[in-house]
Amino acid sequence: MRYHHKRRHHAAGFGRGKSTYRRFRDRFDDITGDRRIYRSRRGILFGVCRGLAEYFGLSVFWVRIAVLLVFVFTGFWPIGVIYIIAGLILKPAPVVPLQNPADQEFYESYTSSRESAIQRIKRKFDNIDQRIRRMEHTVTSRDFDL
């Protein structure tokens, strides 16, 4: 009897370790995946604290308290400079959540070079305009019958 009791206990412990491992792996995949850190558009000052809190899934209140404590205990300038640089370097969060890699690629190209993104949109609309003109030409031609 004792032997079986220990085995069951060991199996239950292994299952618990598996779920812990799964949570750790999911968290690691979240950090190393395609997700990126963005500045929040709803932040108070640059949106850096809210962006970090949203990325790591923490409370904004505690992230702000931690930054404030580090700000006070490091002598103001180191964390202040890092915060301002992070506010300038981090890209603002997309207004609409990105659905696929093409959206992600377009958003990255837009935030890095707005002129190229505008040219890309212009080419797309020119292509649509040409297609509409061809349809109008087909419909208004003498060969078209209803």
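The values are calculated or read from the model by the stated rules, or taken from the named source; none is laboratory data. Fair warning: this is a prediction, and the values are worked out from it, not measured in the lab. Quick reminder, even Gly has a Cβ in these numbers, built from the backbone with ideal geometry, and neighbours come from all protein chains shown.
What tally of residues in the stretch 47-76 results from selecting those that are out of contact with any Lys or Arg (no Cβ under 6 Å at 6 or more places or on another chain), at positive phi and at pLDDT 90 or above?
Number satisfying all stated conditions: 1.
Let me spell it out: the conditions are (1) of a type outside the set (Asp, Glu); (2) crowded, with 16+ Cβ neighbours inside 10 Å; (3) in contact with a helix residue (DSSP H, G or I) (Cβ under 8 Å, 6 or more places away or on another chain), and residue 80 meets all of them except one. Which number is the exception?
(2)
Quick one: in the stretch 21-46, which of the residues that are small (Gly, Ala, Ser) and either at pLDDT 90 or above or surrounded by 12 or more Cβ atoms within 10 Å (Cβ to Cβ) (or both) is nearest to residue 94 (Cα to Cα)?
Of everything passing the filter in the stretch 21-46, 40 is nearest to residue 94 (Cα to Cα).
Here are some residues: 118, 82, 89. Which one is under 27 Å from the mean Cα position of the chain (by Cα), outside the structural domain of residue 46 (by TED's automatic domain parsing) and β-branched (Val, Ile, Thr)?
118
Could you tell me whether any residue of the stretch 128-145 is at pLDDT below 90, among the basic types (Lys, Arg) and in contact with a Phe, Trp or Tyr (Cβ under 8 Å, 6 or more places away or on another chain)?
no
Considering only residues that are surrounded by 11 or more Cβ atoms within 10 Å (Cβ to Cβ) and of a type in the set (Phe, Trp, Tyr), which ones fall in the stretch 109-126?
Across the stretch 109-126, the qualifying residue is only 110.
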